[in-house]
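Laboratory data are not the source of any read-out in this text; all were calculated from the coordinates shown. What you are looking at is a predicted structure, and each value in this text was computed from that prediction instead of being measured. Counting neighbours? That spans all protein chains shown, and the Cβs are built from the backbone with ideal geometry, glycine included.
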Amino acid sequence: SHLEPFFEGGESAAKRHLTSYFGSTHASSYKKTRNELDGWDTSSKFSPWLNSGSLSARRALSRLRSYEQTAGANDSTYWLYIELLWREYFQWIAVQIGPKLFSLRGISSCGGFKCFYPERFEKWCQGTTPYPLVNACMKQLKATGYLSNRGRQIAASCLVNELEMDWRYGAAWFEHQLCDYDVASNWGNWQYIAGVGVDPRGGRHFNLQKQTETYDPAGSYIARWSPGPVLQTLDTRDAADWPIG
């Protein structure tokens, strides 16, 4: 069943996972599969052990280098290395900016004002928005405690852009739900999507229709995690929680 726990905690389990992952050829195709929405072998799945302290980034990198020596290095193994670097980067950024990690404007001085819509937030959390792909992402998160990197970006972009909400509510919900929650990675990536982080290019707005066509063209992910009818109306109450109409 897809509702069974995805991960077993502890250092021994982390070592077994490293052995299994680098005993396969998955690292050699990582760049091609890393953006897929579902599937155990599509990404490294190191994060629960990294973020609980059961696995160090140094150990993961050491195994990656050993793998490259035997299986060969390519764009995918290089990209896995880059993702480990990104994780370390967010750790250091969190140390440097301190409380600004949790600020509405982050490290930016131009972050816009955002409202809190109780009804929108509830629908987003429960996966009952008018956006089928977002619903599937949020229901997978709630059922398993895990969501792919692409799924997290899609869900975050929806909260910030389509729902026009304060990004921190989304970051807090992910903190509450994720089995691989890490302070720096979670809040740093939410700042990145909201456009208040270290990236000078601004926020990220994912076109939900295009994301669906690209990453779930057959609709199998939506059918698995969020089958059934989709709500057509986003709001029945306004930002002050008063009924509309």
What spacing in nm lies between the two simple spin-label points modelled at L104 and T19, each 7 Å away from Cα in the Cβ direction?
-> 5.2
Which whole-number percent is the relative contact order of the range 18-97 (Cα, under 8 Å, 6+ apart)?
-> 37
Number of Lys pairs (Cα under 27 Å; 8 or more positions apart or on different chains) in the chain | 25
Go ahead and run the numbers for FRET between Q232 and R204, Cβ-Cβ distance against an R0 of 25 Å, rounding to 0.05.
-> 0.45
Quote to one decimal, in nm, the extra length available between T128 and T33 on full extension: 0.36 nm per residue of separation minus the C-alpha distance between them.
-> 31.4 nm
Charge dipole magnitude, Cβ of K and R +1, D and E -1 - the range 118-225, Cα centre, debye nearest 20 = 200
Expressed as an acute angle from 0 to 90° and rounded to the nearest 10, what is the orientation of the C-alpha long axis of helix 167-177 relative to the principal long axis of the chain?
-> 60
Going by average Cβ neighbours within 10 Å, how do the peptides 156-166, 45-55, 176-186 rank, with the highest at the top?
-> 156-166, 45-55, 176-186
Please state the relative contact order of the range 47-135 as a whole percent: Cα pairs under 8 Å, 6+ residues apart?
-> 11
The chain, relative contact order in percent, only Cα pairs under 8 angstrom and at least six apart counted = 22
Label-point gap, in nm, between K142 and S56 - each point 7 angstrom along Cα→Cβ = 4.0
